Structure formats: C-alpha cells, structure tokens
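The values are calculated or read from the model by the stated rules, or taken from the named source; none is laboratory data. This is a predicted model, so every value here is computed, not measured. Because the Cβ atoms are built from the backbone with ideal geometry, glycine has one as well, and the counts that use them run over all protein chains shown. Just so you know, the surface numbers come from the protein's heavy atoms only, side chains and all, with ligands and any DNA or RNA stripped out. Shrake-Rupley method; radii C 1.70, N 1.55, O 1.52, S 1.80 Å.
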Amino acid sequence: MNGWKRFISRLTPDGVFTVSRWYHPEHLDEAGRVLSLAMATLMEMENRSRRNIYILQQTGSFSTLIVGRAPLSMRDLSILDETVRWLHYKTIAAPNRESADPVLKRILHGRKRR
C-alpha cells in the first residue's frame, strides 16, 4: 500500500490516478483488490470519502478505477458520466450513485482498514 500512498500524495490537489484491471461481476478479485487498496490509502491519508472514486467497466472484461486526491467535483462527474455514455461503457460505482454490486458497495462504505 506504500506505493498507492506515494501515487496519491504526489498528485496535484485536483489530480487523479487511474488503474485498469480485469473485471467480471461474478469474479471481483482484481477490481475488488484495487478498490480496497484505494479506499485503505484514502483512509490512511484521512480522506475517508468515497467521493474520490469512480469505477467504470470498459468494453469486454476490464474496469478502470479513477481515484482523486480530492473528492471528484460535480463537473468531473458530469464529464465522466458523459464520456462513459459516449463510449458505451458502464458506470460500476460513482459518488453520485450507489454500486449495484454488494461487495463493492461494502468496500466503498467501509469505515476502517482491516
């Protein structure tokens, strides 16, 4: 997790870091792992807000996690939502909507690192 903390701490105040991993709704190993690392890092940095995270499913079996050093703004979310629609991707989780997946939802609403 030290690498994640380094990545996020070196972002500009409104910067974002992205990671793409394999994704399948029935096998969340990789997508769940990167989301867990992002959330644990944000908690350690005392930024416990899931408002910093946006996850999308690309065509096929890939997901991309976008994590901001600061919470994503309404403008950021609008641009992301519009881009997802334009590219025919799917939003998996975003600050302005709940994840339909119960595992990802639990990770996003976690209150402490384990």
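Some observations on this one:
- For the peptides 96-102, 37-43, the ranking by mean Cβ contacts within 10 Å, running from highest to lowest, is 37-43, 96-102.
- Taken one residue at a time, the phi angles of the stretch 56-73 give Karplus couplings (6.51, -1.76, 1.60, θ = phi - 60°) of 10, 9, 7, 4, x, 10, 10, 10, 10, 9, 10, 10, x, 5, 10, x, 5, 6 Hz. Gly and Pro are set to x.
- Selection of trypsin sites (Lys or Arg not before Pro), the stretch 1-32, meeting DSSP coil and at most 11 other Cβ within 10 Å: ARG10
- Long-range HN-HN contacts of ILE92 with modeled amide H, under 5 Å: ILE55, LEU56, GLN57
- A straight chain from TRP22 to PHE62 at 0.36 nm per residue would run longer than the Cα-Cα distance by 13.9 nm.
- Extreme residue, positive dipole direction of the chain, given options GLY68, ASN52, GLY110 (C-beta unit charges): GLY110
- Separation of alpha-carbon centers, the stretch 1-21 and the stretch 23-46, rounded to whole Å: 13
- Solvent exposure of the stretch 6-114, expressed per residue, is 64 Å² of accessible area, with all protein chains present and a 1.4 angstrom probe.
- Dipole check for the chain: with +1 at the C-beta of Lys and Arg, -1 at the C-beta of Asp and Glu, and the Cα centre as origin, the magnitude is about 460 Debye.
- Candidates VAL84, VAL67, VAL34: whichever shows maximal mean-square fluctuation once the chain is modelled as a Gaussian network with Cα springs under 10 Å: VAL84
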